[in-house]
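Here's the structure we're looking at; comments come further down.
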Amino acid sequence: MDAGLAAVVAGGVGAAGATAAAWAGGWWTSRSASQQLQSQERQALRQQSFEHARERRATRQAAYTALITASQTLVEQIRARDEDVQSSCNEIDSLATRVSLEGPAGLLGPLEELRRNMRLYELGGVSRAARRYLETEDAAQAIEQRSQAARSFEKALKAFTEAARQALDDSGAEVPTEDEQ
């Protein structure tokens, strides 16, 4: 082989090697950039999920706290045998509507039980007929029915409070793992 041909072949082999090295380097860089982008996207989703959960938790907490406070006021009125509970019942009903909108769905059962017991107390405990009944000879029975309604309401309030606590503890954030993506 003469020297000129050897130089051309050597140059071709060198160029092929350089091309292969450049291609491998570019592929590796592209793969690394793609993995970095996926990692950043996952982090952004986690951050977004965290922020959303924090915002939802704050609004839920305010709604739950207002409802529990109004319900505790009603319990105090019941214990004090205060006949003027209508405004408390109206406030509880209004706040319960807000809580039902805030969610989550798992809270609806205890919420409806609280509302049902509030209505039972409101209807059976403070109606005019119940007040007249208290003035008759069966006053002891009426007082017992009223106490029973109050105990049921307090029990429903405790169940709602526990469900609200669990709802606030649950972030609800599910971030897909690397295997799921």
Can you name the residue in region 26-43 that is open to solvent by 70 Å² or more (accessible area, probe 1.4 Å) and of a type in the set (A, V, I, L, M, F, W, C) and is also nearest to the chain's Cα centre (by Cα) among such residues? Leu37
Top-ranked residue in region 108-122 [being surrounded by 15 or more Cβ atoms within 10 Å (Cβ to Cβ) and either farther than 10 Å from Ile92 by Cβ or in contact with a Phe, Trp or Tyr (Cβ under 8 Å, 6 or more places away or on another chain) (or both); ranked as modelled with the lowest pLDDT]: Tyr121
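The values are calculated or read from the model by the stated rules, or taken from the named source; none is laboratory data. This is a predicted model, so every value here is computed, not measured. Don't worry about glycine lacking a Cβ; one is built from the backbone with ideal geometry, like all the others, and counts go over all protein chains shown. All accessible areas refer to the heavy atoms of the entire protein, side chains included, with ligands and DNA or RNA removed. Shrake-Rupley method; radii C 1.70, N 1.55, O 1.52, S 1.80 Å.
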